[in-house]
Amino acid sequence: MARRIVFITQVVDPADANLGATRAKIAALARRVDEVVVLCDRGVEGVLPANCRLRVFGAPTRLRRAGRYVSALREELRERPVAVVGHMVPLYTLVAAPFVRPRRVPLMLWYTHWKGHVVLRLAMLVCTHLLSLDVRSFPLRSRKVHGIGHGIDVGEFPCQPVRPLAGRPFRVMSLGRYSPPKKLDELVEGVRIARDRGVDARIDLYGTASPGLEADYKRRLEELVARVEYREFATVGGAIPRTELPPVYAEADVVASDFISPDKIVLEAGSSCRPVLASHEAFDTLFQGIEPPLAFERGRPETFAGRVAALAALTDEQRHAIGETLRERVRTQHSVETWADAILRLAEA
């Protein structure tokens, strides 16, 4: 019997600024089984390996979308898969459970978001396995949670060359959604403090902003950096297509994250041989033993300023050596290969 995985996600599009990384995860699974069937709300044909089938259930209304999703799922369960894996949307696994669990098929949810809402709590009850970067990156406690790394394609983010610092400011960068829990304003404040302490540094932000809360937060950041005391060293930019990220990381001296969840930009930048600074505790094994320390205290910009100053004081070669160490740890702890191996190991246990 063919070994198959049913993978459920929102978007399959390598250029998507927020969800483009999903393609590499699917491809890694496809290298380990005979077929991966991908159910998605929106997808681009021709971007997945030949042994993947794309089934798009997107529709103009929620009712039609739900009907198309359930119909596609039931058809793909006629032949028993190795596992059904839901990606980042607990509702997908919750709806799938009545069709998957009676067939004694493992039902898995991959989730790294900080929100522990009611739908997630219900999905926890019906899933056999809950997957996240680390047990601490899943917002709720459960014996079902398994830390399996983030699933970074290190081939997509190659090691970038040494970036000489002489004659220019030390460049801090952060990317992703303009979301208040990312505390980007505090990163900007941390760079201001570092400058007050004599460090010639700047910070550039890039990302997407959905209408509503994210767009409002981006506007507040734009107003902040427009003030005379910030405009010289801080910018708020737009989204960068995922396919254009490697050269962007190459232009950073350090990539920073103060997100309440462990942000994948930390691992993508590390794979690119760039030093990183982050406040989330789940990165402790990634940072272990590295000097100067790469962790800072969330909500305290002065600790971030201290880390920026320490990195800026190193030689170009010392910073690059930190980047090379990070790349090797991303490869062994957070690559798509180790991620996919863990899913198959759990599914077939």
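Some notes on this structure:
- Solvent-accessible surface (1.4 Å probe) assigned to Arg168 amounts to roughly 60 Å².
- Cysteines (scope the chain) whose Cβ has no counterpart Cys Cβ under 4.7 Å: Cys40, Cys52, Cys127
- Accessible surface of Leu205 - all protein chains present, 1.4 Å probe, nearest 10 Å²: 0
- Residue of Thr235, Thr128, Thr315 that the Gaussian network model of the chain assigns the largest fluctuation, springs spanning Cα pairs under 10 Å: Thr315
- Debye-sum result for the range 36-140 in log10 I(q)/I(0), which assumes one identical scatterer on each alpha carbon, at q = 0.11, 0.19 Å⁻¹: -0.35, -1.03
- Gain upon complete extension [Arg197, Ala66; 0.36 nm per residue less C-alpha separation]: 41.6 nm
- Calculated mean residue ellipticity, 222 nm, the chain: -11500 deg cm²/dmol, from DSSP H runs (n ≥ 4) at -39500 (n - 2.57) each, averaged per residue and rounded to 500.
- Taking a ≥ b ≥ c as the square roots of the eigenvalues of the Cα gyration tensor, the range 190-258 is oblate, since a/c reaches 1.5 or more and a/b is not larger than b/c.
- Cα-based Lys proximity count in the chain, under 18 Å, for pairs eight or more positions apart or on separate chains: 9
- Between Glu186 and Arg32, the distance separating the two model label sites (each 7 Å from Cα on the Cα→Cβ line) works out to 3.5 nm.
- Gyration tensor verdict on the range 201-349 (Cα atoms; rounded if a/c is under 1.5, prolate if a/b is larger than b/c, oblate otherwise): oblate
- Accessible area ranking (1.4 Å probe, heavy atoms, ligands and nucleic acids excluded), largest first, for Cys52, Cys40: Cys52, Cys40.
- Calculated FRET efficiency for the pair Lys144/Arg331, C-beta based, R₀ 22 Å, to 0.05: 0.20
- Separation of the range 268-330 and the range 50-88, taken as the distance between their Cα centroids, equals 40 angstrom.
- Taking the chain and dividing mean pair separation by its residue count, relative contact order in percent (alpha carbons under 8 Å, at least six apart): 17
- Computed from label points 7 Å out along Cα-Cβ, the spacing between Leu346 and Ala250 is 3.6 nm.
- Take Arg55: with every protein chain present and a 1.4 Å probe, its accessible area is about 60 Å².
The values are calculated or read from the model by the stated rules, or taken from the named source; none is laboratory data. Keep in mind that this is a model prediction, so the values were computed, not measured. When we count neighbours, we look across all protein chains shown, and the Cβ atoms used for this are built from the backbone with ideal geometry, even at glycine. With ligands, DNA and RNA removed, areas are computed over all heavy atoms of the protein, side chains included. Shrake-Rupley method; radii C 1.70, N 1.55, O 1.52, S 1.80 Å.
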